[in-house]
Structure formats: C-alpha cells, structure tokens
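Only one structure is covered here, and it is reproduced in the block below.
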Amino acid sequence: MSNHDQTLDIQHSHGGAAHGSVKEYVTGLIFSIVLTALPFAALMFDLFSAPITLIVILLCAIAQIFVQLIFFLHMNSSSEQLWNTTSAVFIVLIVAILVVGSIWIIEHLNHNMLMGH
Amino acid sequence: MTTAHHDALIDTHHEHEHHDTGGDTVFGFWIYIMSDCLLFATLFATYAVLSSSFAGQITAKELFDLNFVLGETALLLFSSFTFGMAMLYANKKQMKGMIAWLCITFLLGLSFLGMELYEFYHFSHEGATPQTSAYWSAFYALVATHGLHVFAGLIWMLVLFAHFKRDGISEENLVRLSCLSLFWHFLDVIWICVFTVVYLMGVM
C-alpha cells in the first residue's frame, strides 16, 4: 500500500510547480486584459457613480489576483499543493490583520486627536 | 521475493527523494515569496494610513496620468504571459523558443522599469519628492520597493541566461527558472494591488 502511494507520488510531486499549457496561459491573459481594462475604462470615461466605481475597481483587482494565481501560478486544491495553499491562506490572514488593523487603529487615533474631521 | 520487494522499495524511495529535491527548493522559494507578501503588506498599510497626508503640498490627483499607468500595467501583464510561454518551452526542453520568450520578457520588464524611473523623475520635477510630504514618502517607498524587486528579477534573468548558455536545460536550471517564474508572477500580482490602490483609487 505504501509502495503504491510512493509510486503515485513520483508521478505527481513537483513541489507545487505544475506545468500548465498554452491554452491556460492565453485564457489567463485574456481574463487579465478584461479585468484591467474594465477598472481603467470605468475611471477614464466616468462610466459609473463614485461608490459603484470603487466597488468595480476592488472586485476587478481581487478577481485578477485569483486569475493570476490559477492560470499563471497554477494553484489548485490538489494534495501535492496542500502546503503551498496552506501557507498562502495563512499569509492572507496575517496580511488582513496587518492592513485592516493598521487602518482601523490609526482612524480611531486621528479621530481622538481631532485631526481631519 | 521479500528481498526483491525490499529492493524495489528502496529504489522507489531513492528516486522519490531525488525527484523531490527540486520540488523542495521551489516550495522553499514559495515560502520566501509569502514572507515578501508581509513586506508589501506593511508598505500598503503605511500608504493607506497616510493616503491623504499631503501637508498642503502637491496632491496625487494633480500628478497621476492613467494612460501612463495603463502602459506600465500592459508591459508587466504581457511579461507575465511571455514568461509563462518561456516556462512551457523549457519544460519541453526547447532551448531556442525558451530563450526567445525569455528575451521578450526581459525587454518588457526593462521597459516597465524605464517607464517607472521616468515617472519618478517627472514627479520629482513637478515638486513631489520623498521629502515633500508623508504621502509622497509612502508612495515612493511602496512603488520603488516593487521597482527594486523588478530590477532584481531582471538581474536574476541575466544570470540565468549565463547558466543556460553554460549547462543547457539541466534539472538544476529548470528549478532556477521555476523559482524566477514564481517571483515574476508574484511581482505582477503585487502590481495589480499597486495600480488599484495607489493609482486608480488615488485619482478618484
């Protein structure tokens, strides 16, 4: 049984560096171009009102990050990429605490110091 | 029977370990990239906190030119794609195609860096230097750190050209190229955050 597992491992393990295909890269490129053009166009030609523009910009950025991770970095939920994905999820959590926490704390500080408003 | 089985086990095990060395290196490099995310996260947090601290000096809205940023973005985005193509040729062990795509990637990266340096020169000329206000300090710290990473990537690419010229497409060189590929795509992801948070939200 363990022998069988090891054989399987040999065929698949590449330390999370999958190979991809031309089709995958072209799909990724097309998605990226659309998701870059949309927020720039929204701002340059004033397509939406300010709050909607902000939402469009942020959603496009998040979508494009996922496009890059999936089509260019070939991330997936397969077992040989388990630790790549686990470490990435951990970093996303830390980054969220760092960025949201900093903005939150300094906003309160500015408010209490009567700066700005 | 038992011995044969045992031998086969050792053999498989040996091959497994041999094969995984490159994989371990790439995974280790992935962990480095994750830690680099933290560096950029602190710079983004600093930038966000200081995003309106102009100290009565020139503001971002007066200087940012979206057409110019769109050009920079296009260069970096296409370079990410061309690096992917180089990776495909490398995995097929086709030297010529790989070097050609890698050269295009290098030129795109170099053009991006040139545009960024011109932008910094232009901004300083208009009166926005890192000393001007807290906002411009945070701006230059964030954008220039990304630029320095791109510069490091270009140097690394030059070193790899020398490696490939000397050893061809060897197992070691493939591992090196895989690491640089991760690094290059990672820089593109960071740039998505930069043009969204700094430039697009900056002109709103």
Convex hull volume of the range B:103-186 per residue (C-alpha atoms, cubic angstrom): 88 Å³
Span from the the range B:47-103 Cα centroid across to the the range B:128-204 one, whole angstrom: 8 Å
Loop-located trypsin sites (Lys or Arg not before Pro) in the range B:14-104, at most 13 other Cβ atoms within 10 Å (DSSP): B:K92, B:K93
Translational diffusion coefficient (Stokes-Einstein; Kirkwood radius from C-alpha pairs) of the protein assembly as shown at 10 °C, 1.306 mPa s, in µm²/s: 73 µm²/s
Helix-derived mean residue ellipticity, 222 nm - over chain B, DSSP H n ≥ 4, -39500 (n - 2.57), to 500: -29500 deg cm²/dmol
For peptides B:189-195, A:26-32, sequence by mean Cβ density within 10 Å, most packed first: B:189-195, A:26-32
Packing-based exposure ordering (other Cβ within 10 Å, fewest first) of B:W136, A:W104, B:W30: A:W104, B:W30, B:W136
Helix runs (DSSP H) in chain B reaching 18 Å along axis by Cα, Kyte-Doolittle at least 1.0: B:66-91, B:171-194
Shielding by other protein chains, B:167-178, mean Cβ within 10 Å: 1
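FYI, it's all coordinate maths here, none of it is from the lab. Not measured: the values here are computed from a predicted model. Methodologically, a virtual Cβ is constructed for each residue, glycine included, from the backbone with ideal geometry; neighbour enumeration extends over all protein chains shown.
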